[in-house]
Structure formats: structure tokens, C-alpha cells
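Accompanying notes for the structure given below.
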Number of protein chains: 2
Amino acid sequence: MKLVCTQQDLSNNLSLVSRAVPSRPTHPVLANVKLEAIAHEPLGERSEIEPGDDNGSVRLTGFDLSLGIQSSFSAQVEAEGILTLPAKLLNDIVSKLPSGDLTLESNDNEDLVTITSGSGRYQVRGMSAEEFPELPLIDDGEAKQLPAKALIDGLKGSLVACSQDETKQILTGVYLKVKSDCLEFAATDGHRLSIVEVERGDNEESTDPIAVLFEVTVPAKALRELEKMLSSRQERDCLALHLEQGQVVFDWKNQKLTTRTLEGKYPDYRLLIPRQFQRQVTLDRKQLLGALEIVAVLADQSNLVKFSIDSEHQSLSLSAEAQERGSGEESLTAQISGENLDIAFNVKYLMDGLKTLTSQEITINLNGPLEPVILSPLGGIKMTYLVMPVQLRK
Amino acid sequence: MKLVCTQQDLSNNLSLVSRAVPSRPTHPVLANVKLEAIAHEPLGERSEIEPGDDNGSVRLTGFDLSLGIQSSFSAQVEAEGILTLPAKLLNDIVSKLPSGDLTLESNDNEDLVTITSGSGRYQVRGMSAEEFPELPLIDDGEAKQLPAKALIDGLKGSLVACSQDETKQILTGVYLKVKSDCLEFAATDGHRLSIVEVERGDNEESTDPIAVLFEVTVPAKALRELEKMLSSRQERDCLALHLEQGQVVFDWKNQKLTTRTLEGKYPDYRLLIPRQFQRQVTLDRKQLLGALEIVAVLADQSNLVKFSIDSEHQSLSLSAEAQERGSGEESLTAQISGENLDIAFNVKYLMDGLKTLTSQEITINLNGPLEPVILSPLGGIKMTYLVMPVQLRK
């Protein structure tokens, strides 16, 4: 293998695929990235390759057996080849090299690569690519097209509510329902539930606008990487989503993300949402979030914040007590309908929801002090954030 | 106690003195800051205090029995008082409050303070100030005046070489020699030594310009805080330095830093510096530092980087080997006098020195492969950074 590429291309793509490289690999080769040098035209047809005149590409792959990320960029390929190199060491070297062209050349065994920069020369020992497992890429031709923007919005709003507890299986993922006209994302950890609905923008596939084309539950870990990849590039195009038993692939431009799916039936979360509400509070989201952030300082051990809704004064007061250390209270004006109510929440779950909602004002819909509460934005994306109250000690 | 001050003043000064509050206090009251509300004119002489018309000041103190920081700011004092409050809790609350005026009012026992902001009300339980130890402030009237800039430069250049090993006693500090015309800072951990000499700018006190007025060894921990405090405010004025048996006080504007000194005789470091050198290498500092940072990636376990000085080609090559994982080499052009030499260093000690030197070009003076090496800047501050080489394996 021999190729010339820019330091920036190699570094950016390496750090991207490294996100799928496990920190504690179950097999040594999984600590490596696979590097493939591919010529797009028969080598030898041109007498000499000019700088900047890329005739091929480099494809990098990281894979932890569940999550796989693949990314390609153009390069001058002088000799094709395929090998694997330790992800962290390679990343550490390449990210520190100055910008400019790098030459990568392997020995005959394809297990030692020499990297040459302007003033430096580095040798990195790898492993044969034969040991590296193949990415489970699906090519069924039946891909669903999803706008990147819709995917970003849906993931931002739902990932926050996933369970962090690995024993909770299906709750560690986001449930994604692809309908012909929209995408629905849902996640819950048993304490709060987030549902986001975004338009697909292209209801080409069905005459029935609410037909469910398919549904799948995808691990939050993979979706967090997908969200980062899409957000950092301000991706505006469509992604292709391929689905097969136990596996999904997101595929766009020169990048692919593949992940196993979570098995089992996702809980019927729509049943949790009350049909009607006795009380409604509308107020500024950032003001509420700011007040909660200070009051939360006093809620250090219990995480408990009390809401006192005062309909006569159209005011909402938040309070918390740190035993023997102090107490805090903030009062906010709000538009309130319904009777007065005292109700308590785990402040973390509330703040998570408020950070995820993007509108300037939000509405809080409530019934009694122990019944589910719904936060939703006023305008913007259609989102439902349900949080269970906590019983107040007498 | 009752006072009104701005959130910004209270927050800034709290976070400053909190640096002297121990994370694991030996006595509960040391986890607190002392707060004194002082009226500068007899209270009651004015019928009413107008906003912005400060008639007094607030003095905050943090003290871990070795390092003490005191800072004052102006405020409207309606009732004088003195008490202590938990530093972390108070800091967490005040830093999150919106900007604007805050009212602090204590109960009769001076152990509960109510903080009122625009929309919030917080109560924090404290402890009586009687239990809080007095700062050992010296008022001997014989203070030395030190320009802040000279102190910042001296600390920046020397602190890096202090020992981190608490059992090494006097080596955990910076040795400061105040001469009538200059300040000399020295620090060593046994592997490297840094000496910085800066002009005092005002040799008022002696007709003998090199007379040593006094010498003292100050714990690095306290000096790191001093350097941060001075650097962040881009302090340009003079500090007063008070010295007494076992204690120093740095005193400027509305702030004071006090610390115990380190006992014992500081090693006679001048003896370590070779009188003459057989080889000299002059090169660009940032280029050398950049090259070392990449090569260091390959020196992961041993920290060993080899320098090969090639006089014929006027080039310096740096190399490192990571056993079975790879190797790296960078070549730099340099002005070299003297014969060729292979010599090895702990890359961390070299990089520390190179980051501390501030000139564009530096000179490396060397003798044999096991003799001390001196790095010094070309122009700017007078600094000597000595590093011991490491024996190369055959």
C-alpha cells in the first residue's frame, strides 16, 4: 500500500471512526482501525500522479461489534492495500502533525506502515486486516430517505430520556417509528418519557399519511455518535436508512454508521399520557431553567424541588431544602389556569427536559400531585416531555 | 449584619478566596469563608443609603492554616457584622444568581444568612466567626515593594520545576532571593532546575546593587494561586512583601495572600551549572516543542527521547521508540557548534522547560551525554533551565 493524503483529511476521518473503537476491546484487532487504499482507475495508466490530483480514496473503519463507523476521503493512491493500525496511537500521531501532505507506505506483510511528513518519519505496527470483522452493511435497495435535519431534531429531543442502566435493555435505546409523512422518536427510563414528532418532508411512499412503514429501537450510544456526526457538519441532506433483522445502517455521502438494534417490544408509551388536564402553567423556558439551576444547589442530596402553583397571584414558586445547611426559593410570574397545587419533582429530570425543549415559552400541563406532568414547547418542534412527580413528605 | 452588594462583586471575590478553602478541612469551620461587613463611617449619620452609594466594604477570608487569601470590595453596609458561611454552597448559589444587587442579612446569632435577589430568597447556615482562626498578617512596616510584572515572570518560569513530592519538603517550594536590584527565583525537583532573574526596577534600598536583602522558600501551592490572581487581573502595580519568621504576606490593593514558608536551607543550586560548554545548539523554540510533542507520543512508557546532534548537516534529530508498537523521528535545522553527540532526555522535563521559556529562539548548551544541559532564551527574561540527561541503553 502506498498513498498520499492531507494531514487534515486523515486526522478528521480518524477521529470520527475512532468513536466506534472500543476502549477495552474484546479482541486486540478491535483496538485498530481498518484502512483501505482504493484506486478509482487502473494504476499505471498515468505515468505520474500530480499533487492534488487524487485518483483514489482511503476508507477507514472502526467497529466494536455493535457500533461501526466508516468514512472515506479522496487521496492519491500509488499502490492499493488494506491493513489495520492501532486507532489511538495513529490518532495521537496524526492529530499532532502539522498540516500538509502525508505519505503512508506499508511493508510487504502489510503490518508496518511508515508515515512521512515534512520533517518527520513515523513507523506504526499494525495487524492483518483478515482478522478485522466485516461491517454488517446492508444493501437491500429498500432504503428509507430521512432528512438529516429531522433526524437531528428527533435525536436531540429524545436521547436525554434514555435509560443509562444497561440491565434495562430496550429502554437504553430510542424507539424510532418511520411513518410515511413523519418520524416519531420516543425514549423513557421509567421516570420520564420524551416523544418527538418531525415531518419527513417527502411522503412519497404511501397514500395513507399515517401508515407505519417500520419501527425499530436503536441503542442510544450509536445514536449519540450519529447526532454528533450530523450536527458537527450541519448536515442538511438526506440519509438513507437500511433496516434488516437485528441491524440498521445510516448511510450518507462518504460516511456510514451501522449498529445492532435492540430486541423486544417497546412499551406502549402513549398509554402514559393523560387525556385531559386540570391545570396549565405557561412561562418562559430559560427563566424557569435558570431558577431551577440555582434552587438545585440546595437540593443536593434529595434532588427534590417543590413547585407551588399560585393561581391567584399568577406565580410559580420553586423551593428546595438542604437539611441543616440552608434553603432556597425562586418566584416566577406565569400564566396559570386551574386551582393551586403543590407538587415535587426530581430536579434533574425537569432540567433535562427544559434543556431539550427549544421554544422560548413552554406549557406545563398537570393534574394532581402524583399524576404525570407534561412539558411541551409553544411552537417549533412537536415534543411531549412527560415527568413523574415525587411524593412530598408531610 | 445587613449589607447590599452586587452579585458580580460577591461572586468574583468568593471564588477568589475559595481557592484557600481546603477540600478536606481538618476542622469544620475551615470549610467556610469568613465574611466581615465593615462600615467606613458611623452608621446612622445618614438617614438613608442610596443605591450605588457604598458606605463600607465586605472583607472575605479563606484559610487552610497554611495558605490564606483575603479580598475586599465596597458595599452598602446597613449593619456591621462578622460570621462564616460554607464556601462551596455559598459560591454555588451566588455564582448562579443573575447579575444585580443582592441583600445579605443575618439573624441575631450571626449563624444564618438570608440572601435576597430579584426573584430569589436563599438561607445559608454558617458558624460563628469566633472559631475561625486569625490570618497571620504581618504589619512590620518593613515591606519590600515588588513589581507585579516581575513576580509574574519569575513565578511562571520557576514553578514548573518544583517537586510534586510532598516528602521532598523544601523542594516543593520556590526559593526567592530579593536583591536590591533584582529578584531571583529558583526551583528544582532533582531532575531539572529553573532559575529566573528579573529586575526590580527600583533599587532604592542599597548602594550595593547585588546585596541580598533577604531570601525565603515559599510553597508552590501558594505561589500558583498568587500567579493566577496576578495574571488574571493583568496586575501592573507593585506588591508589598512582608516577611517574618515562618510566614510571608503578599499585599496589594484590596487583596492579601499569606502563606507559611518552608523551613531549611535551600540547596546551593549554582554549583550544578557547568562553567563551560563544548557544544551549543540554537533553534526555534516552538518548532522544537512541536516536534517533541509528536515524538513524545511514541515515548509513551519510557518518556525517553533521543537527540542526535549532527554538526556537519547543522541538524538536530529527535527520536523515540515504543516497543513493538512503532517509532518516530523528527529532523530540525539548527545552528550547531561543537562535535556530534547522541544524548537522551525525559521528554516531559524538556517540554516543561520549553513551554516556560518565552523567547522565539533558544540556546541549548551541552557537554557530554551524561552531563547537565542548559536551556536558555535568546533575549527577553534571564532564565536558566537545567535538565539532567538520561543514560541511553546500548
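A few remarks follow.
- For region B:315-394, applying the loop criterion from DSSP together with a ceiling of 13 other beta carbons within 10 Å to the GluC sites (Glu not before Pro) yields B:E324, B:E339.
- Per-copy distances of the A:R270 label point, shortest first, in nm (7 angstrom along Cα→Cβ): 8.8
- Top of A:T188, A:T167, A:T333 by mean-square fluctuation, Gaussian network on chain A, Cα under 10 Å: A:T167
- Accessible area per residue for region B:88-132 is 49 Å², calculated with a 1.4 Å probe on protein heavy atoms, without ligands, DNA or RNA.
- Cross-link pairs beyond the 31 Å C-alpha cut-off, checked among A:K156/A:K306; A:K228/A:K382; B:K88/B:K144; A:K96/B:K256; B:K96/B:K253: B:K88/B:K144; A:K96/B:K256
- Computed from Cα atoms, the angle from the helix A:285-298 axis to the main principal axis of chain A rounds to 80 degrees.
- Based on protein heavy atoms only, region A:187-342 ends up with 51 Å² per residue of surface accessible to a 1.4 Å probe.
- With a simple spin-label model that places each label point 7 Å from the Cα along the Cα-to-Cβ direction, the separation between A:E41 and B:Q145 comes to 7.7 nm.
- Percent RCO, i.e. relative contact order, over chain A, from Cα pairs under 8 Å lying at least 6 residues apart: 13 percent
- Chains B and A together bury roughly 2200 Å² of accessible surface, counting both sides and using a 1.4 Å probe on protein heavy atoms.
- Between the beta carbons of B:Q164 and B:E263, assuming R0 = 22 Å, the FRET efficiency works out to 0.70 to the nearest 0.05.
- Comparing each chain alone with all protein chains together (probe 1.4 Å, DNA, RNA and ligands left out), the residues of region B:78-106 losing at least 40 Å² of accessible area are B:L89, B:K96.
- Of all the options B:E371, B:E199, B:E130, the one that moves most in a Gaussian network model of chain B with Cα springs shorter than 10 angstrom is B:E130.
- Spin-label model, B:N340 to A:L271: label points 7 Å out along the Cα-to-beta-carbon direction sit 8.2 nm apart.
- Nearest 10 degrees, 0 to 90: helix B:148-158 Cα axis against chain B principal axis: 50 degrees
- Cα gyration tensor shape of the protein assembly as shown, rounded if a/c is under 1.5, else prolate or oblate by comparing a/b with b/c: oblate
- Shortest-first nm distances, A:A79 label point to equivalent points in other copies (7 Å, Cα→Cβ): 8.7
- Across the copies of the chain, A:N340 has label points (7 Å from Cα along Cα→Cβ) spaced 9.2 nm apart, shortest distance listed first.
- Helical contribution to [θ] at 222 nm, DSSP H n ≥ 4, -39,500 (n - 2.57), averaged over the protein assembly as shown, rounded to 500: -5500 deg cm²/dmol
- Candidates B:K144, B:K253, B:K179: whichever shows maximal mean-square fluctuation once chain B is modelled as a Gaussian network with Cα springs under 10 Å: B:K253
- For region B:224-340, the relative contact order works out to 19 percent when only alpha carbon pairs closer than 8 Å and six or more residues apart are counted.
- Per-pair calculated FRET efficiency, R0 = 45 Å: B:M388 and A:T103 via Cβ, rounded to 0.05: 0.75
- Label-to-label distance, nm, for residues given as A:E131 and A:T333 (7 Å Cα→Cβ offset): 6.9 nm
- Solvent-accessible area, 1.4 Å probe, carbon plus sulfur percent, for region A:275-350: 39 percent
The values are calculated or read from the model by the stated rules, or taken from the named source; none is laboratory data. Predicted, not measured: the structure shown is a model, and the values here were computed from it. In this analysis, Cβ positions are derived from the backbone assuming ideal geometry, glycine residues included, and neighbour counts consider all displayed protein chains. Accessible surface is based on the protein model in full, side chains and every heavy atom, while ligands, DNA and RNA are left aside. Shrake-Rupley method; radii C 1.70, N 1.55, O 1.52, S 1.80 Å.
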